[in-house]
Amino acid sequence: MTDIAKPRLFAAADKAFALCGIVGVISDLSQPVAPVASYVLILSILGLLTVFAIGLFSHQQSQARLTAGFVCGLLAAVSAILILLQAQKSETGERGVLASYVEPIGALQAQILDLQADISEIDRTTRKIDATTTGIDARTRVIDETTRETKEAIGRVKQETSDDPRKELANMGISWGADPFRQMIKEGDIRAVDLFLQGGMKLSGARARAWVLPYYLVDDHFSPEVADLLLRHDAVEPDGLCIDAGKRFDVYFLDERLPHLDKRRDVLRKVCATPDVKKVVQAQIREEEARLGANARVNRNRPEEIEKCIREFKAGNPVNATMEAASRFSIFSVSTLRPPRDTVLAELNTWLLVGGSGDPNAAYNAAVAKGCADANRELDVDRAKLDRLKAVADFLKG
């Protein structure tokens, strides 16, 4: 080798080592995607053969040809070494040599491949969205065409006139039935409601309470004009509306904040102020008055009944015998405490369990007093229900 060629060789070697190192690392990291090392080996061999062929026909030394020769040779050597190393283990064959033995490089490779997978997924999703958008556009055109044809058909139907309310509703695109009737009431469609009423539709039975109360009387769907139509056609029957199953008469107590409150009450009064409903309300008033009167009499006699109970219990249950029975008593042995006896035994049993300190006679007397008080409890005399019923009766009088 001449002195002129040595510097050229060293310069070519520097470039070749740098390039081959970079290509080798990239080829190894790309192993999970494709056998890049094999491709580089083939290309470098072809390049080396090309440089050799050119050298046969040119007798002059060339820095570029020398560099190309070194690069191709080193690339071939590096690629061959990588292929041999990758073939030794299944892991290196799948992930590459560097990623298999150097953990940080393996993590970097995984992040790069995940990013590539995400990009591929985004691309596939974008193509799907484009296809879906195209399909939607096509279906939209079909829907527009169908809508146009439907409007034309409805227009032809509406040209016919009839005195049949059901046919007129059909001309309006409204089917005959209970649910469409309710919907028209909610929407305040005067024309449609009037046609339903002309056809004999009514709100009766369970439907009266299920529709008129929640969908009409107590919410924002109330329309005074629709209310007048319903009353004019006598379309709301009181059964199921004016007297609920629990006989609480909640329907009569409308929220004071509702709009058109007077009109709502007018509808309710005209529907519910029937002789039958008034009779039921008056019967409920008499029944509640009788119950309250009986309870008041029992409460007035309660002190005497408690004293009588105490005397009778003590006469038949001496202190010692009762204490003995209480020591064996358990509240878990009975499902319900029946006063006065069970209450007395439970009280004394508790007293004994906590040590039985104090006078046994005093504990006995206190337990008997509680048991007899429980046996003669004070009865309810709350007049709220009666006042509520009387308010309903006054409302129905008008």
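Restricting attention to segment 264-292, and to residues there that are of a type outside the set (A, V, I, L, M) and touching a Cys at 6+ places or on another chain (Cβ under 8 Å), which single residue is nearest to CYS242 (Cα to Cα)?
CYS272
Being closer than 16 Å to ARG328 by Cα and in the same structural domain as GLU307 (by TED's automatic domain parsing) narrows it down to one of LEU353, LEU386, LEU396, LEU379, so name that one.
LEU353
Could you tell me whether any residue of segment 280-296 is part of a loop (DSSP other than H, G, I, E, B) and either at pLDDT 95 or above or assigned by TED's automatic domain parsing to the domain that holds GLY358 (or both)?
no
In the list ARG388, ARG383, which residue meets the criterion of being buried (at least 16 other Cβ atoms within 10 Å of the Cβ) and under 30 Å from VAL277 (Cβ atoms)?
ARG388
Of the residues that sit in segment 270-294 and are among the charged types (D, E, K, R) and surrounded by 15 or more Cβ atoms within 10 Å (Cβ to Cβ), which one is nearest to ALA384 (Cα to Cα)?
Checked segment 270-294; the qualifying residue nearest to ALA384 (Cα to Cα) is GLU288.
Quick one: which residue in VAL354, VAL344 is more than 30 Å from ARG269 (Cβ to Cβ) and without any contact (Cβ under 8 Å) to a residue 12 or more places away in the chain?
The conditions single out VAL354.
Is there a residue in segment 322-332 that is at pLDDT below 95, surrounded by 15 or more Cβ atoms within 10 Å (Cβ to Cβ), closer than 27 Å to ASP382 by Cα and in the same structural domain as ASP382 (by TED's automatic domain parsing)?
Checked segment 322-332: no residue is at pLDDT below 95, surrounded by 15 or more Cβ atoms within 10 Å (Cβ to Cβ), closer than 27 Å to ASP382 by Cα and in the same structural domain as ASP382 (by TED's automatic domain parsing).
When you scan segment 304-398 for helices (runs of 4 or more DSSP H) that lie fully inside it, which ones turn up with 2 or more residues that are among the small types (Gly, Ala, Ser)?
Filter on segment 304-398 gives 319-328, 360-375, 384-397.
The values are calculated or read from the model by the stated rules, or taken from the named source; none is laboratory data. Computed from a predicted structure; not experimentally measured. Counting neighbours? That spans all protein chains shown, and the Cβs are built from the backbone with ideal geometry, glycine included.
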